[in-house]
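Visitor: Structure provided below as structure tokens; questions to follow.
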Amino acid sequence: MKLPLQITLRDIAHSDAVETTIREKAAKLDHFYPHIMSCHVVVEMPGKHKHQGKTFNVKLDIKVPGHEIVVSKEQDEDIYVVLRDAFDAAKRQLEDYGRKQRGDVKRHELPQPVE
């Protein structure tokens with residue numbers, strides 16, 4: 001993996017399994033857009049709700065040349081589900097950004113004025 005990865009866990013005990021999952025998913029992003037300059041992943045457990053149980057929030061901040069992609073997924077009780085959803089959304093945004101850079105996005109012609 002070429003991209004510098006920074007992982008921040010807030011209000012969560014360190015877990016090798018969670019960190020390994022994050023590293024694997026971040027490495028896969030490199031396949032969809034190879035020019036990623038950095039990736040910062042923040043996983044947090046905001047205030048513990050008495051009725052909802054423990055919920056997790058994940059924020060991804062991915063820097064690519066000329067652009068920054070930010071993904072935020074919130075409020076799920078399974079940390080792996082939130083990570084999956086966040087990285088899937090990041091993958092889609094990276095694919096879209098790559099298509100725009102390559103010029104693969106269709107450009108609609110402006111209608112000609114009628115005289």
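Read-outs: derived from the displayed coordinates by stated rules, not from any lab. Bear in mind that the values here come from a model prediction, so they are computed numbers and not experimental data. All Cβ positions, glycine included, derive from the backbone under ideal geometry; neighbour counts span all protein chains shown.
Visitor: Could you calculate the FRET efficiency of K54 with V114 from 1/(1 + (r/R0)^6), where r is the beta carbon distance between them and R0 is 41 Å, rounded to 0.05?
Guide: Details: r = 62 Å, r/R0 = 1.50.
It comes to 0.10.
Visitor: Using only Cα atoms and rounding to the nearest 10 degrees, what angle (0 to 90) does helix 16-32 make with the longest principal axis of the chain?
Guide: So the helix axis and the longest Cα principal axis differ by about 10 degrees.
Visitor: Right, here's the next one. How much space per residue, in cubic angstrom, does the convex hull of the C-alpha atoms of the chain take up?
Guide: On the way: hull volume 16.0 nm³, N = 115.
Per-residue hull volume (Cα only) is 139 Å³.
Visitor: If r is the Cβ-Cβ distance from E95 to E19 and R0 is 22 Å, what FRET efficiency results, to the nearest 0.05?
Guide: Working: r = 25 Å, r/R0 = 1.15.
E between E95 and E19, to the nearest 0.05, is 0.30.
Visitor: Filter K25/K73; K25/K54; K28/K54; K54/K91; K28/K59; K28/K63 down to the pairs with a C-alpha to C-alpha distance above 19 Å, please.
Guide: On the way: K25/K73 15 Å; K25/K54 23 Å; K28/K54 28 Å; K54/K91 26 Å; K28/K59 17 Å; K28/K63 15 Å.
Where the Cα-Cα span goes over 19 Å, the pairs concerned are K25/K54; K28/K54; K54/K91.
Visitor: Can you tell me the length gained on complete extension of the stretch R84 to D11, counting 0.36 nm per residue apart and subtracting the Cα distance? Provide the component values of the computation, followed by the final result.
Guide: Numbers: separation 73, 0.36 × 73 = 26.28 nm, distance 1.99 nm.
The R84-D11 span can extend by a further 24.3 nm.
Visitor: Cα axis of helix 79-102 to longest principal axis of the chain: angle in degrees, 0 to 90, nearest 10?
Guide: 20 degrees
Visitor: Then there is this: What whole-number distance in Å separates the alpha-carbon centres of region 1-47 and region 55-100?
Guide: Value for the Cα centre distance between the two parts: 10 Å.
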